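Okay, so here's the structure we're looking at.
Values quoted throughout were computed directly from the atomic coordinates according to the rules given, and no laboratory measurement underlies them. This is a predicted model, so every value here is computed, not measured. In this analysis, Cβ positions are derived from the backbone assuming ideal geometry, glycine residues included, and neighbour counts consider all displayed protein chains.
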Amino acid sequence: MIRGVVMLVGVSLAPLLVAEEMAAPGPGAVVKAATDHIMAAVAEAPEYFDTDPERYYAEVGAELDKVVDFRGFARGIMGSYASSERFRSLDKAGQENLRAQLDRFTGVVRDGLITTYSKGLLAFGGSDVELKDVELSPDSVRVASVTQLVRADDSRVYTLKYQMGQYRDGQWRLRNMIIENINLGEIYRGQFEAAVKAEDGDIDAVIDAWNTVAFDDAGEEA
């Protein structure tokens, strides 16, 4: 089931693209406007993907960079290993090392997600996408959940929930994703914690292996 979920993430992330010139649209408007944008790009990709896949990945990556908080997502995956409490407990050298680890892991997560999700976009390129509810958090007007339905070619309907936040520049960005009650951030955080234990606390070793192991594992589960 997770393999289908991972591929579906591609089409679920796509609607979060938003043009820079738009004046801070709400989370629902971001999803609606960007869906048309990314689906047009996906429709063109089959014309050149077999001979130039990197062009497609680069186009998707450039768009996702505008709206996905990759650093925040990577820090969430690292969990307690990148927490404020742990950072404060370290000496100056340790803090610099943690910053470097987070920077490197952010790049690894970004590259892995873009490749995985770009392939998912092609697989679900002909799907029908429908925007549903937009719910603001009762605790903060800067936190929202956007629900969307994706109807696949086999007639199955998937429910997606984008967990989004409004940042200081006024833009709404993706923080996490829930697909059919599967919380991607929690899945990856659990994998990271297990990997650190398996490597006897060697976070650098986990980061080195993450791009080739963690995303493949996510595609094989259930």
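General observations
- Each Lys or Arg adds one and each Asp or Glu takes one away; over the other residues whose Cβ falls under 12 Å from the Cβ of residue 97, this sums to 0.
- For q = 0.16, 0.20, 0.21, 0.27 Å⁻¹, Debye-computed log10 I/I(0) when each Cα of segment 53-107 counts as one equal scatterer: -0.57, -0.74, -0.78, -1.03
- Environment charge of residue 166, counting only residues whose C-beta is closer than 10 Å and scoring Lys/Arg +1, Asp/Glu -1: +2
- Cβ-defined net charge surrounding residue 151, 15 Å radius [Lys, Arg +1; Asp, Glu -1]: -3
- Amide H partners (placed H, <5 Å) of residue 132, local residues excluded: 147, 148, 149
- From the largest down, segment 62-190 spans 55, 34, 27 angstrom on the principal axes of its Cα atoms.
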